[in-house]
Every structure is written in C-alpha cells, then in structure tokens.
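The values are calculated or read from the model by the stated rules, or taken from the named source; none is laboratory data. Computed from a prediction, not measured in an experiment: that's the story for all the values here. Accessible surface areas use protein heavy atoms only, side chains included; no ligands, DNA or RNA. Shrake-Rupley method; radii C 1.70, N 1.55, O 1.52, S 1.80 Å.
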Amino acid sequence: MKRRLEPELMEDPLQAEVYAAADFAEADSLMLQAFNEAFPEVELQGPVLDLGCGPGNMAFRFAERFPRCQVIGVDGSAAMLAIADQRKKSRAELIDRIRFLQGIIPKVRIPAGPYAAIISNSFLHHLHRPEVLWGLISHYAQPGCQILIMDLYRPDSPQQAQGLVEKYASSEPEVLRRDFYHSLLAALTPDEVKQQLATVGLGELVVRKTSDRHMIIVGQKS
Ligand SMILES: C[S@@+](CC[C@H](N)C(=O)[O-])C[C@H]1O[C@@H](n2cnc3c(N)ncnc32)[C@H](O)[C@@H]1O
C-alpha cells in the first residue's frame, strides 16, 4: 500500500482536545522503556528536544523521569500547545523545566542546543517530507546526543489499518478513530525509514518494530 498523506498540523481544537484526552499511557510508557533500554547507564541531564510535542505527553514524562533535564517541546498547532501550557500550570514542580515553542518545523527557530537527547513521538508520519526530521536531527544532534523517535508504521492494506483501529480504538470517539486510521495510512515502513537514514548519513540509528503498529528509531549520534 502506498503512503497516503494526512495534514501535517493538528490544528482543529476538537481534534486536539480529543487527542489530549485519549489514553496513550501504554504506548507512551513503551517509548520511555525503549529509551531506558537503549541508554541504560544514562541519567539524562541537560536540554531535551521534543519534536511535534502535541499536548506534551512525552515532554512531561521525560521531565518527570529525568529530574536533571529540561525539555523544549516544539509544535505548530496553537490548539495543541494551549493544552500543553494549561497542563504545565498544574505541574508546578515541572514548570521551570518544560518549555513549549510554537512554530512550523522546519522553519521554526529552535534553540541551538547542545541537546542531551532528541525525542519525537507520533510526529514522523505527519511530515509530507520525512527528510525534514532527519535533517533536523543531523543539524541539532551533536556527538553523544541520544535519539529516540517512535511512530506508527504503515500496515500492508487499508483493511489491516481498519483492523488495528478496531483492535485498539473501538470505544474511542470517532474523531480519534478517524485520525488513527489516517495516521496508519500516512505512516512510513521500517524499510523506507532505513533507506532514508542511509541516504542522509544517519545509518548508525537502528530501526526496530516494537509492537504490531509501532516502530522506534534509536541510537546515539556519533
Ligand atoms: C499525533 S501528534 C503527536 C503528539 C505528541 N508527540 C505525543 O506524543 O502525543 C503530532 C503532532 O505533530 C504536530 N506537527 C505535525 N507536523 C508539524 C510541523 N511540520 N511542524 C510542527 N508541528 C507539526 C501536530 O500539530 C501534532 O500536534
């Protein structure tokens, strides 16, 4: 099945609200677990860049798990960042260590770093030109920077995509089911990602499936 693009930004306030209210705890903790497994010796310290941060799910998790890191979350959607900022207000203990920045990637001006880690969850499949993400990583990741990208991967057919929607989102609101389906159709495959990484000189990153719908792209910048 060929990739079918979806809009990059999630700008509709209802879409953002439903996304933020959804329970992604299982997938989100898989990402944190993958980070801990990939970098077991590391007590992450310093700035962390979260690309396509949405309402901040991973930004908050990383800030909680690693008390010596400061997370900068970047997203182009005002609706998503309004929720992220609202959440921040109720997390007084994290307020000084999380910052959200609104702007379209790759045009947005991102602080230069150096970053201890660059993370991104469920963002890659939104990009019409995935090379944008690899370009940012090449630009902002200095040697030693830990990189973890998690995303959906594309199933073989629309029927398989629908099957995953039924399996994991049967009782979710229609907006979320629709977005999940479109995201699966827009996602890349692990082989496509491997080819792209080799082309841009990021072949040191490992691409691995972690569930029947998720893959991670992980490694340390050499
Ligand atoms: C599915 S959400 C993922 C949110 C979050 N990372 C999480 O873990 O839940 C994808 C986010 O990427 C943002 N996004 C997509 N393309 C973008 C771009 N070119 N520039 C900035 N943000 C973008 C969308 O607005 C949306 O908030």
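When the alpha carbon gyration tensor of segment 92-222 is reduced to an equivalent ellipsoid, its three semi-axes come out at 27, 20, 13 angstrom, largest first.
The apolar share of the surface of segment 13-220, taken as the fraction of accessible area on carbon and sulfur atoms (1.4 Å probe, ligands and nucleic acids excluded), comes to 51 percent. Normalised by 2.2 N^0.38 Å, where N is the number of residues, the alpha-carbon radius of gyration of the chain equals 0.96. Annotation: per residue accessible area for segment 13-220 equals 44 Å², rounded to a whole number [probe 1.4 Å, protein chains only].
Among the listed pairs K88/K209; K2/K194; K2/K167; K107/K221, those whose Cα-Cα separation exceeds 28 Å are K88/K209. I'd like the accessible area for E192, computed on protein heavy atoms only with a 1.4 Å probe and all protein chains in place. Round to 10 Å², please. Result for E192: roughly 60 Å² accessible. Hydrodynamic estimate: the Kirkwood radius of segment 1-106 over Cα pairs, inserted into Stokes-Einstein at 10 °C and 1.306 mPa s, corresponds to D of 109 µm²/s.
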